[in-house]
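The structure appears below as structure tokens.
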Amino acid sequence: MDLTAYETLYPPRAGLPSDAQVSRVAPSPTGRPHIGTALQGVIDRAIATHSGGVFILRIEDTDRRRLVPGAVEDIVAALTWLGVPPDEGPGLGGDYGPYVQSERLPIYQAAATWLMDHGHAYRCFCTPQRLEEVRATQQAAGQPPMYDRHCRFIPPAEAAGRAKSGESFVVRLAIPDDRQIHFHDELRGDITFGSNLVDDQVLLKSDGYPTYHLAVVVDDHLMRVTTAVRGEEWISSTPKHLVLYEDFGWQMPPTIHTPLLRDSERRKLSKRTGDTSIAAFRTQGYLPEGFRNFLTRIIWTHPAGKDVYPWEEFVQLFSASGLRSSAPVADMDLLDFINGQYLRALEPAELYATMRAWLEHLVEQQQDVTFTLSGKGERTADVTAQEIGAYVAAFTSDPTYSQRVLALEPERYKKLGDVLVQTRLFYADLFSAPTAEALAKPLDDAAQARTLIETYLVEHAPDEDHVAWEARVRVQAEHLGIKAGKVFMTLRIALTGAEQTPPLYDVVGVLGPDETRRRLELALAALGGVATR
């Protein structure tokens, strides 16, 4: 089938509003989808939804050496979790597929043939060794490395004959000489490149697979994409794409080159920053609504200066001109703040259901997790897959009890990982009695700590209100000649094994009298004593 037949097979889209936009995100399945894919997906979904258009997922899998099994499924799952599901794509259906480039090879080959037939591309028979020699010579001379057009002027009939005889070749784009190539970026304005500095790009590799440059132009045109969003690293490739569009006689869609994300030190976001995959943010316990809000916040300024706003509000107010062209910083403290706001908006029953669904996802992963805890300083907690399973069993055994736990100081939690790590102490099966050293630390005296705990245990009255309870503990501190703060800290460690918890009275109320007594007796046992009854 020739290129004209494909044009007929993929006609202009019908049945959409007159101003509808067709957008696409086109990741490569070479690993887990990362925050950059999420950012592109958020923008593309907003463009399509705002205009009543269509959002496409297209898989660019032409780099066959770097494919990762299961990556396509991970991409679909990540976009769905994020709340920006595509309308068309692999496994989703649509009239403009296939949506996987390796399934579209005849289309690209027809396009390359058309370009050669019309004098816009040519076969290149140069070996890798020759290309490396040319590159080395250019670098030694301080010249930009570019193809020297060695094969550009081989007569087409001769080139076709060499190809027919089995000689290996690639197809290259014939960039015109001495021309100013102008294009308009919807975010950055007008941009110009001199064609003499634009390489004769490989369009079709020797294995018959296209490069990105041919595939993206052909696919965007045949899928009738009206707005192309991609990272700023592709700006230098846009002149090649514009030449291709002109060669085919097609109109290049408006293009937006979004800035690369930076870390807190304003370096390009990369693996050295930590795991930036969408899966990692999900594992840490960020809510999709919070993570999505964060992505919009770092690349767009709300007209009212808000940090937290619903997705529908972003879609309604969105315009490409409102995006930032300078490098946005992926500030994890801002992410924690925004996500914390979404967590606190949940009632205990809603938070319980959200927590339970997230825990089920963790169990499915069957892996150990290092949780990065919110707050000052870089604190982490290693939790094994077995420990996660034990937490799930305890958390789900009594939903009413767990909701009471979740209602204690919800402002302490910025993500669900914080909840898991900080609430383990409330479950009897997960509680580990503190050591004698930990118990003695506030008073610097194990014997005094034992006396304090034993006295508290004897005098403990489960029905006391907060005022009476605190007054009694302070009287006990005065009687023992100990500062009240050290008394409360000793009791906190005895009952929770931690130095930072919700208010101690509230903790005691959630634990209940039986569990409170059991923990105090464990503390006494650790200090070498037995409670007086």
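The values are calculated or read from the model by the stated rules, or taken from the named source; none is laboratory data. The shown structure was predicted, so the numbers you read here are calculated from the model rather than taken from an experiment. Note that each Cβ is placed from the backbone with ideal geometry, even for glycine, and that neighbours are counted across all protein chains shown.
The set of residues in the range 248-303 being surrounded by 15 or more Cβ atoms within 10 Å (Cβ to Cβ), among the small types (G, A, S) and at negative phi consists of S277, A279, A280, G290.
So that you can scan it fast, the table gives a plain yes or no per residue for (1) closer than 30 Å to K205 by Cβ; (2) more than 19 Å from the chain's Cα centre (by Cα):
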{"position": "P12", "(1), (2)": "no, yes"}
{"position": "S18", "(1), (2)": "no, yes"}
{"position": "G31", "(1), (2)": "yes, no"}
{"position": "V42", "(1), (2)": "no, no"}
{"position": "A48", "(1), (2)": "no, yes"}
{"position": "T62", "(1), (2)": "yes, yes"}
{"position": "A71", "(1), (2)": "yes, no"}
{"position": "P85", "(1), (2)": "no, no"}
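Here the helices (runs of 4 or more DSSP H) wholly within the range 409-528 that include at least 3 residues being closer than 30 Å to F281 by Cβ are 416-423.
Please state which of the following conditions L443 fails to meet, knowing it meets all the rest: (1) modelled with pLDDT of 95 or more; (2) buried (at least 16 other Cβ atoms within 10 Å of the Cβ); (3) hydrophobic (A, V, I, L, M, F, W, C); (4) farther than 28 Å from Q341 by Cα. Only one criterion is unmet by L443, namely (1). Total residues in the range 220-246 satisfying the condition of being in contact (Cβ under 8 Å) with a residue 24 or more places away in the chain and out of contact with any strand residue (DSSP E or B) (no Cβ under 8 Å at 6 or more places or on another chain): the figure is 6. Inside the range 31-55, residues that are in contact with a Phe, Trp or Tyr (Cβ under 7 Å, 6 or more places away or on another chain), farther than 14 Å from G231 by Cβ and crowded, with 21+ Cβ neighbours inside 10 Å make up a count of 3.
Of the residues in the range 321-331, none is surrounded by 20 or more Cβ atoms within 10 Å (Cβ to Cβ), β-branched (V, I, T) and under 22 Å from the mean Cα position of the chain (by Cα). Restricting attention to the range 1-17, the residues being among the hydroxyl-bearing types (S, T, Y) and touching a Lys or Arg at 6+ places or on another chain (Cβ under 8 Å) number 1. Taking the range 345-383 as the range and being farther than 18 Å from R412 by Cβ, part of a helix (DSSP H, G or I) and either among the aliphatic types (A, V, I, L, M) or not assigned by TED's automatic domain parsing to the domain that holds V419 (or both) as the test, the residues that pass are A349, A353, A357, L359, L362, V363.
A residue that is exposed (fewer than 14 other Cβ atoms within 10 Å of the Cβ), outside the structural domain of V508 (by TED's automatic domain parsing), more than 19 Å from R344 (Cα to Cα) and in contact with a strand residue (DSSP E or B) (Cβ under 7 Å, 6 or more places away or on another chain) occurs nowhere in the range 394-415. Scanning the range 474-489 for residues that are under 48 Å from the mean Cα position of the chain (by Cα) and among the aliphatic types (A, V, I, L, M) turns up A484, V487, M489. The residue of the range 351-388 that is nearest to the chain's Cα centre (by Cα), among those that are closer than 19 Å to A498 by Cβ and basic (K, R), is R379. Note on the range 175-238: enclosed strands (runs of 3 or more DSSP E) holding 1 or more residues that are farther than 29 Å from A163 by Cβ are 180-185, 189-194, 228-231. Return yes when V487 is more than 26 Å from L351 (Cα to Cα), outside the structural domain of T400 (by TED's automatic domain parsing), out of contact with any helix residue (DSSP H, G or I) (no Cβ under 6 Å at 6 or more places or on another chain) and β-branched (V, I, T) and no when it is not. No: the conditions fail for V487. Within the range 315-332, which residues are touching a residue at least 40 places away in the same chain (Cβ under 8 Å) and not in a loop (DSSP other than H, G, I, E, B)? Selection gives V315, Q316, A320, S321, L323, V329, M332.
When Q201, Q180 are screened for being among the polar types (S, T, N, Q), crowded, with 18+ Cβ neighbours inside 10 Å, over 27 Å from V42 (Cβ atoms) and modelled with pLDDT of 95 or more, only Q201 passes.
Yes or no, residue by residue, for (1) surrounded by fewer than 17 Cβ atoms within 10 Å (Cβ to Cβ); (2) on the phi < 0 side of the Ramachandran plot:
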| residue | (1), (2) |
| --- | --- |
| P12 | yes, yes |
| S18 | yes, yes |
| V25 | no, yes |
| D63 | yes, yes |
| V72 | no, yes |
| G83 | yes, no |
| Y96 | no, yes |
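When you look at G528, is it among the small types (G, A, S), farther than 15 Å from S432 by Cβ and surrounded by 15 or more Cβ atoms within 10 Å (Cβ to Cβ), yes or no? When the stated conditions are applied, G528 does not pass them. Screening the range 332-373 for residues that are of a type in the set (A, V, I, L, M, F, W, C) and within 16 Å of A393 (Cα to Cα) and picking the one that is surrounded by the most Cβ atoms within 10 Å (Cβ to Cβ) gives M355.
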